Amino acid sequence: MGNGDILLQVKDLKTYIHGRDGLRVTKAVDGVSFALRRGETLGIIGESGSGKTMTALSIMRILPSAARVVGGEILFNGENLLTKSAAEMRRLRGEKMSMILQDPMVSLDPLFTVGSQLAEPLRTHLRLGGAALAHRMTELMSAVSIPSPQQRLKQYPHQMSGGMLQRIVGAIAISCDPQLLIADEPTTALDPTVQAQFLDLLETLRDSKHLSVIVVTHDFGVAARLCDRVMVMYAGRIVEMGPIREIFEHPRHPYTKALLASIPDGTEFGTGRLKSIEGQPPDLAALPPGCPFAPRCPSVVPRCQRDYPPEFRVATEHAANCWQVSAS
């Protein structure tokens, strides 16, 4: 991976959440490193609380007030986003990088029409107005397959379905032709049919705009549909990373294997039991020594409870942090 191919590089990122008493520190992201190529789609997968969304929010620099980045670098086009001022980040967000949040009802302001919210980034970043603004808004609505765009632009969010709102959020996200798009659980609130339609749309937008995309999801099906590579997170750290096909066919970390095993098998519908991962994710403010997955791992050995495993290379782009991998 040449440096010219890399759009985003995250190096040893650490994002901690500080409790009200100032003593309790939750290590939401704890030493995450990865690179994203131009035109590539990377999936970030894990259970709730694994650090997926906090990684994405750290990149966008829209963290909640109690959280802050305490270490590492986030290089976008070679420039460290963590050294940018708030004004500089506002210019980058929307123009060069954008994000689709989980719930469109939260993303959109209920007091303003869809049209006014779509127009805002176009006025702010592209300085569009008049006929040029109207043309671009209609163009964007058509790009996300919304019928009767002129009528829809006059409506408020509560007058639209969840699938339609997610498309509106997508239109706002791509309105200024960003280089990076982060989609955080983009299909969680949608029914299966609308999910499939939105994934089709995301795929089309990615290919037509040559976007670099990060998809945050707990769903391996979504990752298989969209992603070139995937990184699996657990307890704020990456435990496995590799090409999506390689991860599906040859998972090496026990956590990755457990996630894949929990996917329903359509051939056994009605006859088989869904597999679950025993135990609960650890408290990120009181992590045990060693590998945090050890208490839930079926392959645990004494060393796992004592020492955190380094990254072991499995193939050219496939690596896992597991002592069992080192022994194989």
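Across the range 112-124, in residue order, what do the Karplus-derived ³J(HN,Hα) couplings come to in whole Hz, using 6.51 cos²θ - 1.76 cosθ + 1.60 with θ = phi - 60° and x for Gly and Pro?
Karplus values, whole Hz, x for Gly and Pro: 10, 5, 4, x, 5, 6, 6, 6, 4, x, 5, 6, 5.
With the Cα gyration tensor of the chain in hand, convert its eigenvalues to equivalent ellipsoid semi-axes via √(5λ) and list them largest first in whole Å.
Semi-axes from the Cα gyration tensor: 36, 23, 19 Å.
For the range 107-158 and the range 163-214, what is the centre-to-centre distance using only Cα atoms, to the nearest Å?
Spelled out, the Cα-based centre of one part sits 16 Å from the other.
Tell me the per residue accessible area of the range 194-307 using a 1.4 Å probe; a whole number in Å² is fine.
Here the per-residue accessible area is 51 Å².
Quick one: plug the Kirkwood hydrodynamic radius of the range 171-328 (C-alpha pairs) into Stokes-Einstein at 20 °C, 1.002 mPa s, and report D in µm²/s.
122
Hey, any idea what % of the chain's accessible area is carbon plus sulfur with a 1.4 Å probe?
51
Any idea which of LEU63, GLY43, LEU8 is furthest toward the positive side of the dipole for the range 3-64, if Lys and Arg beta-carbons carry +1 and Asp and Glu beta-carbons -1?
Projecting each Cα onto the dipole axis, the largest value belongs to LEU63.
Treating only the Cβ atoms of Lys and Arg (+1) and Asp and Glu (-1) as charged, compute the dipole magnitude of the chain about its Cα centre; round to the nearest 20 debye.
Rounded to the nearest 20 debye, it is 660 debye.
Using the Cβ atoms and a cut-off under 12 Å, what net charge is assigned to the surroundings of MET160, where Lys and Arg are +1 and Asp and Glu are -1?
Once all neighbours under 12 Å are counted, the net charge is +3.
How would you classify the range 18-85 from its alpha-carbon gyration tensor, with a ≥ b ≥ c the square roots of the eigenvalues: rounded for a/c under 1.5, else prolate if a/b is greater than b/c, otherwise oblate?
Oblate, because a/c is 1.5 or more while a/b does not exceed b/c.
Whole-Hz Karplus ³J(HN,Hα) for the range 292-304, in order, using 6.51 cos²θ - 1.76 cosθ + 1.60 and θ = phi - 60°, x for Gly and Pro?
Each residue of the range 292-304 in turn: x, 8, 3, x, 10, 8, x, 10, 5, 10, x, 5, 4 Hz.
Using bins 10 angstrom wide from zero, how does P(r) for the range 173-247 break down, in % of all Cα pairs?
Calculated over all Cα pairs of the range 173-247, the distribution is 17, 50, 30, 3 percent.
May I ask you to derive the FRET efficiency for LYS96 and TYR308 from their Cβ-Cβ distance with R0 = 25 Å, giving the value to the nearest 0.05?
0.10
Once both axes come from the Cα atoms, what is the angle between helix 162-174 and the longest principal axis of the chain, in degrees from 0 to 90, rounded to 10?
The angle comes out at about 80 degrees.
Taking 2.2 N^0.38 Å as the expected size of a compact globular protein, what ratio does the Cα radius of gyration of the range 44-161 give against it, to two decimals?
Dividing the Cα radius of gyration by 2.2 N^0.38 Å gives 1.25.
Of PRO281, ASN321, MET54, which is farthest towards the positive pole of the chain's charge dipole, taken about the Cα centre with +1 and -1 on the beta-carbons of Lys, Arg and Asp, Glu respectively?
With unit charges placed on the Cβ atoms, the residue in question is MET54.
Considering only the chain, what is the antiparallel percent among its DSSP beta bridges, to the nearest 5?
Here the antiparallel bridges make up roughly 60 percent for the chain.
Based on alpha-carbon positions alone, could you give the equivalent ellipsoid semi-axes of the range 78-144 from the gyration tensor, as √(5λ), descending, whole Å?
The equivalent ellipsoid of the range 78-144 has semi-axes of 24, 17, 11 Å.
Amide H to amide H, which residues 5 or more places from ARG37 or on other chains are under 5 Å from it, using H placed in the peptide plane?
HN-HN under 5 Å from ARG37: LEU7.
The values are calculated or read from the model by the stated rules, or taken from the named source; none is laboratory data. None of the values given here were measured: they were computed from a predicted structure. Glycine also receives a Cβ, built like all others from the backbone with ideal geometry; neighbour counts cover every protein chain displayed. Remember, those area values only see protein heavy atoms, side chains included, never the ligands or the DNA or RNA. Shrake-Rupley method; radii C 1.70, N 1.55, O 1.52, S 1.80 Å.
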